[in-house]
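Report on the following structure.
The values are calculated or read from the model by the stated rules, or taken from the named source; none is laboratory data. Fair warning: this is a prediction, and the values are worked out from it, not measured in the lab. Cβ placement follows ideal geometry from the backbone for every residue including glycine, while neighbour counts extend to all protein chains displayed. When the accessible area is computed, the model is the full protein with side chains, heavy atoms only, and any ligands, DNA or RNA have been set aside. Shrake-Rupley method; radii C 1.70, N 1.55, O 1.52, S 1.80 Å.
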Amino acid sequence: MALVVICGQPCSGKSTAALCLSVALKESESNSSIRIIDEASFHLDRNQSYADMTAEKNLRGVLRSEVDRSVSRDNIIIVDSLNSIKGYRYELWCLARAAGIRYCVLFCDAEETQCKKWNEQRREKCEATYDDAIFEDLIRRFEKPDRRNRWDSPLFELFPYKDGIQKSSAAIVDAISYLTKKLIQKLGMLKSLQPTIATQSARFSEANSLYELDRATQEVINVVVEAQSQSIGGPLNGISLSQELPTLNMSRSVGLPELRRLRWTFIKLTGQTSLSGPPPPSDAESAKRMFVDYLNRELGTA
């Protein structure tokens, strides 16, 4: 139904805003399922997740993959994270467009000094906080959303220090009105993003094709992850899924975020090819064979 991106500097009230929005949506006339996706969902420590660029990139990959799996026309997904990089917000916008659902950004606009104060208050209460060096780095690299960008629009702005964060806050009320279709005519907004050739799902000849492709590729990923966990850093040549499928040869160890990105790319490429050619495979074995061949090309030793 919709994807809501919560955006703001560290300790600017994003999680409080996400919770207020979720509760208010449940109290509204919306019958959709509502889910918050955040670092806590994966038991990730905020300092470790932002310790360096590699860790931060992996975090974004994990969150993006979970959003990718969760978005649908039947639920509202709230992404509660920094979402501070405009390129990353664009990626999330693309996911919403591919799913053909509504999209908006809820921005917690707080002064740097106030964010620092709230971080210190949490530290005094022995709550989860950012280390000073990481906090300063995140503040410095924050890219403020701009409603002129399509991936930052519609933009609903909260001012936590001035007005607080409540279910009755103007930005949250407007966001709920938009998400429940009450504000669409007033603002002249589209009910949902429309997928393009680059983002739309494949033209499937059978109703179960998408399900089979998604399930089959996920099973391959599970086998690869299990094989890597057992190898403990050793060589991974010759991963066998079954006698009927080709052997998977990998030249290096690959993290779960990268595997998920490869899976997403494969599914998207398969869908794009089917627009002008035959539909993707409707049986699991064919889908697995195609995906293993793709992984061999991308990660193989040859």
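Can you tell me the accessible area per residue over the range 15-144, all protein chains present, probe 1.4 angstrom, in square angstrom?
48
Taking a probe of 1.4 angstrom, what is the accessible area of residue 126 in Å², to the nearest 10?
Rounded to the nearest 10, that gives 120 Å².
List the trypsin sites (Lys or Arg not before Pro) within the range 59-94 that DSSP assigns to loop and that have no more than 16 neighbouring Cβ atoms inside 10 Å.
Qualifying residues, ordered by number: 73.
Just the number, please: carbon plus sulfur as a percent of the accessible area of the range 29-141, 1.4 Å probe, no ligands or DNA/RNA counted.
C and S atoms contribute 45 percent here.
Can you check what the net charge comes to around residue 171, using other residues whose Cβ is under 10 Å from the Cβ of residue 171 (Lys, Arg +1; Asp, Glu -1)?
-4
Select from the range 20-117 those GluC sites (Glu not before Pro) which occupy a DSSP coil region and have at most 12 other Cβ atoms within 10 Å, ordered by residue number.
29
Too long at a 23 Å Cα-Cα cut-off: which of 26/57; 268/288; 14/167; 117/162; 26/167; 86/162?
Flagged as over cut-off: 26/57; 86/162.
Hey, if we sort 289, 260, 150, 140 by accessible area with the 1.4 Å probe, largest down, what's the order?
140, 150, 289, 260
Largest first, how would 162, 144 line up by accessible area (1.4 Å probe)?
Listed by decreasing accessible area, they come as 162, 144.
As a test of reading the structure, rank 290, 53, 1, 250 by solvent-accessible area (1.4 Å probe, protein chains only), most first.
My answer, sorted largest first, is 53, 290, 1, 250.
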